[in-house]
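The values are calculated or read from the model by the stated rules, or taken from the named source; none is laboratory data. Small disclaimer: the values here were computed from a predicted structure and weren't measured. All Cβ positions, even for glycine, are placed from backbone atoms using ideal geometry, and neighbour counts span all protein chains on display. Just the protein is used for accessible areas: all its heavy atoms, side chains included, with ligands, DNA and RNA removed. Shrake-Rupley method; radii C 1.70, N 1.55, O 1.52, S 1.80 Å.
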Amino acid sequence: MNRIFINHLKKIHDEIRIGNNSVEKQQCNDCLNWHQAIQYCEFCIRKYLENNFENWTSGNNEIDKLIQEFQQKTTAPDRVIEWIEYDKFDDVEHLTEGECATIYTAIWNDGSYDKWDPERKILKRFWGVLKKLNNSNNNNNKKNNVNWFQEVK
Ligand SMILES: [Zn+2]
């Protein structure tokens, strides 16, 4: 069978497990929490993200808190909500206009989080597609702070 397809199924399986409290848990060798995902420890991912809280800011305390809250509920390495500075993007191009969003394409050189590396205990990155919400930068944002959200791949 196709290896990519199998990996995709394993990913979906892990996400479903995290939402289901009746599944058997395994104890993590690193953080000692009892995790529900099989391919990674969701607690190690959340801890990694938490340790990174002081390394980014949207410039808006409420948005920061919201993103942090989402990050503490992360269920998979490729489902992390994060703040990205505008200058992290290259080749930003207008794609289309929707009812409440303008969609742009851009090259995000860092790429989005994709996989948990259990050896190095870090989230590894991949590439993404972007979407900018209209009217989302209405208060005290600095010139380069535009609210970007990662679209589901
Ligand atoms: Zn762990």
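A few notes on this one:
- Residue ID - farthest from Trp116 (Cα to Cα), chosen from residues in segment 12-41 that are away from the ligand (no atom under 16 Å from the Cβ) and polar (S, T, N, Q): Ser22
- Pairs linking a residue in segment 23-38 that is under 17 Å from Thr74 (Cα atoms) to a residue that is near the ligand (Cβ under 10 Å from one of its atoms) and of a type in the set (Asp, Glu), with Cβ atoms under 7 Å and 6 or more positions apart or on different chains, are His35/Glu42; Gln36/Glu42.
- 1 or more residues within 23 Å of Lys10 (Cβ to Cβ) and open to solvent by less than 60 Å² (accessible area, probe 1.4 Å): qualifying strands (runs of 3 or more DSSP E) within segment 35-124: 112-117
- Cβ-Cβ contacts under 6 Å between residues 6 or more apart (or on different chains), taken from a first residue in segment 45-60 that is of a type outside the set (A, V, I, L, M, F, W, C) to a second residue that is open to solvent by 70 Å² or more (accessible area, probe 1.4 Å), are listed as Gly59/Lys142.
- Pairs where the first residue, in segment 89-103, is small (Gly, Ala, Ser) and the second is assigned to a strand (DSSP E or B) and at pLDDT below 85, C-beta under 8 Å, 6+ apart: Ala101/Lys131; Ala101/Lys132; Ala101/Leu133
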